[in-house]
């Protein structure tokens, strides 16, 4: 038969083991939460960096395409004034325009996939830049170029809003 001191010893041991077990479980749970929180922060930073790089690449590609379109419009105006042969100007400047237009595709698609919140603003920027192609005069091309720059600036502003840290 067990006396009271034996029961106290057993009870104390059970409480000690239960406390150790509870402490271990609590520490493991807290470590898991901390690791998940750290991973979430790292993922958010990585996504932010990827979106920022993609927006930068898209805006740069749109700027290059805008310049190529304006160079083509100026060349067209010059050749038209001298010879009246627009086809000759198009033949000279169109390959550069096609190359810069192709450079827009990759970042545009990537941005729509990784940041759907910016898809509409990106599409407006791409559309405004591609619209320069339809200019009917050099003055019209210059006007459309300025409009494109404004829409691209709006994309950058929207990206800044989307990427701003949440408080």
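State all residues of the range 151-167 that are touching a helix residue (DSSP H, G or I) at 6+ places or on another chain (Cβ under 7 Å) and free of Cβ contacts under 8 Å to residues at least 60 places away in the same chain; if no residue qualifies, say none. It would help to see each step written out before you state the result.
Initially, the range 151-167 is screened for residues touching a helix residue (DSSP H, G or I) at 6+ places or on another chain (Cβ under 7 Å), giving 151-152, 154-156, 158-159, 162-163.
Across the range 151-167, the qualifying residues are 151, 154, 158.
Taking the condition farther than 30 Å from residue 112 by Cα, free of Cβ contacts under 8 Å to residues at least 60 places away in the same chain and touching a helix residue (DSSP H, G or I) at 6+ places or on another chain (Cβ under 7 Å), does residue 21 pass?
no
Quick check, is residue 47 surrounded by fewer than 16 Cβ atoms within 10 Å (Cβ to Cβ), in a helix (DSSP H, G or I) and under 24 Å from the mean Cα position of the chain (by Cα)?
Criteria met by residue 47.
Taking the condition of being crowded, with 16+ Cβ neighbours inside 10 Å and over 18 Å from the mean Cα position of the chain (by Cα), how many residues in the range 95-130 meet it?
7
Kindly check whether there is at least one residue in the range 58-81 that is exposed (fewer than 10 other Cβ atoms within 10 Å of the Cβ) and either over 30 Å from residue 166 (Cα atoms) or in contact (Cβ under 8 Å) with a residue 60 or more places away in the chain (or both). Steps first, please.
Looking only at the range 58-81, we keep the residues that are exposed (fewer than 10 other Cβ atoms within 10 Å of the Cβ), and these are 81.
This time we only want the ones that are either over 30 Å from residue 166 (Cα atoms) or in contact (Cβ under 8 Å) with a residue 60 or more places away in the chain (or both), so: 81.
Yes: the range 58-81 contains one or more residues that are exposed (fewer than 10 other Cβ atoms within 10 Å of the Cβ) and either over 30 Å from residue 166 (Cα atoms) or in contact (Cβ under 8 Å) with a residue 60 or more places away in the chain (or both).
Is it true that residue 148 is touching a residue at least 12 places away in the same chain (Cβ under 8 Å) and surrounded by 15 or more Cβ atoms within 10 Å (Cβ to Cβ)? Working first, answer last.
Working: touching a residue at least 12 places away in the same chain (Cβ under 8 Å): yes; surrounded by 15 or more Cβ atoms within 10 Å (Cβ to Cβ): yes.
Yes, satisfied.
Looking at residue 85 and the list (1) modelled with pLDDT of 85 or more; (2) exposed (fewer than 13 other Cβ atoms within 10 Å of the Cβ); (3) touching a helix residue (DSSP H, G or I) at 6+ places or on another chain (Cβ under 7 Å), which single condition is not satisfied?
(1)
The values are calculated or read from the model by the stated rules, or taken from the named source; none is laboratory data. The shown structure was predicted, so the numbers you read here are calculated from the model rather than taken from an experiment. Virtual Cβ from ideal backbone geometry, glycine too; neighbours counted across all protein chains shown.
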